[in-house]
1. In Å, what Rg and Dmax follow from the Cα atoms of the chain?
2. Using only the alpha carbons, work out the radius of gyration and Dmax of region 37-135 in angstrom.
3. How much accessible area per residue does the chain have, counting only protein heavy atoms and a probe of 1.4 Å, in square angstrom?
4. State which stretch of the chain is the longest one without any exposed trypsin sites (Lys or Arg not before Pro), exposure meaning a DSSP loop state and at most 16 other Cβ atoms within 10 Å.
5. Could you put E137, E185, E114 in order of accessible surface area, largest first, with the 1.4 Å probe and the full protein assembly present?
6. Determine the share of the chain's accessible area contributed by carbon and sulfur atoms, expressed in whole percent, with a 1.4 angstrom probe.
7. Taking the Cα centre of the chain as the origin, how large is its charge dipole in debye, to the nearest 20, when only Lys and Arg (+1) and Asp and Glu (-1) carry charge on their Cβ atoms?
8. At 0.36 nm per residue, and after removing the present C-alpha to C-alpha distance, how many nm does the segment from E114 to D57 gain when stretched out fully?
Amino acid sequence: MTGGARDGEGRVVFVGAGPGAADLITVRGAAVVARADIVVWASSLVHPDIVAGARPDAELVDSAALPLEALRPVLERARDQGLLVARVHTGDPSIYGAMGEQRALCDSIGIAHETIPGVSAFSAAAARAEVEITVPEVAQSLILTRLEGGRTPMPDRETVRSFAEHGTTMALYLSAARNRVLQEELLAGGYPADTPCIVGYRVTWPDELLLRCELADLSATMREHKLWKHTVVLVGAALAEGASGTRSHLYHPGFRHAYRAADPAAVGTPKETHG
């Protein structure tokens, strides 16, 4: 194999593969996959087209059934031989990617590492549904979380019910298998029963399923379609079809900022003039 690492030193690049479709990986991420000597990917989570651009002589390691310890010899060899490893992650590595322990492994081995972000399922689902997560005077915040009570411990103060009290847009990962409890906790936290929900299964994959429903029907909808995994749930008033608050200042002709003067004759000129 010809070394693809910079300066001939071994390197691991954690690459965000995006939600599924091969053309949603970043240009930088695709370039690393194409240059890598070793590509580590989980076939259970990453679409095979993502790694199809690897070099013909690259070594592909399917990590779907491997514990982290099984990757140590691979990374040690990359360190010793000056190889480039593309560690391909579904979505964005920083979101439920178990990155801390992988970086710690790299550090303990003594191999350099860096991370390339990726498109996460929540933004892919919003794009596919043609909705805006933040709508002026409706929702200006996004809470990204998972249902507590599963196999991964959650901090005591982080519960779906307490987050729901904010009433803003929420994106929920890793919660599909307990959809009845998820619905109950969202309602108990204060979301109205008619709150719009978007359910995205394997978003941008060939078998993608995108569903709309009201919160009162969330569990029934997910059970009807047998959605237990690979599913992200978006909840919030901003997701309503045709949802609109007041017009944003960003493109209002009466709003002044560093690159544009305000038009004093503009109707409904915003009072704020900060850039």
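1. Considering the chain through its Cα atoms, Rg and Dmax are 22.0, 68 Å.
2. Here Rg and the maximum Cα pair distance are 15.4, 51 Å.
3. Normalised by residue count, the accessible surface of the chain is 52 Å².
4. On the way: sites that count: R151, R157, K226, K229, R247, K271.
Counting at most 16 other Cβ atoms within 10 Å as exposed, the longest clean stretch of the chain is 1-150.
5. Largest to smallest exposure gives the sequence E137, E114, E185.
6. On the chain, the fraction of accessible area on carbon and sulfur atoms equals 52 percent.
7. Dipole magnitude for the chain comes out near 160 debye.
8. Gain on extension, E114 to D57, equals 18.2 nm.
The values are calculated or read from the model by the stated rules, or taken from the named source; none is laboratory data. Keep in mind it's a predicted model, so treat the numbers as computed, not measured. Neighbour counts run over all protein chains shown; Cβ positions are idealised from the backbone, glycine included. These accessible areas exclude ligands, DNA and RNA; they are computed on the full protein's heavy atoms, side chains included. Shrake-Rupley method; radii C 1.70, N 1.55, O 1.52, S 1.80 Å.
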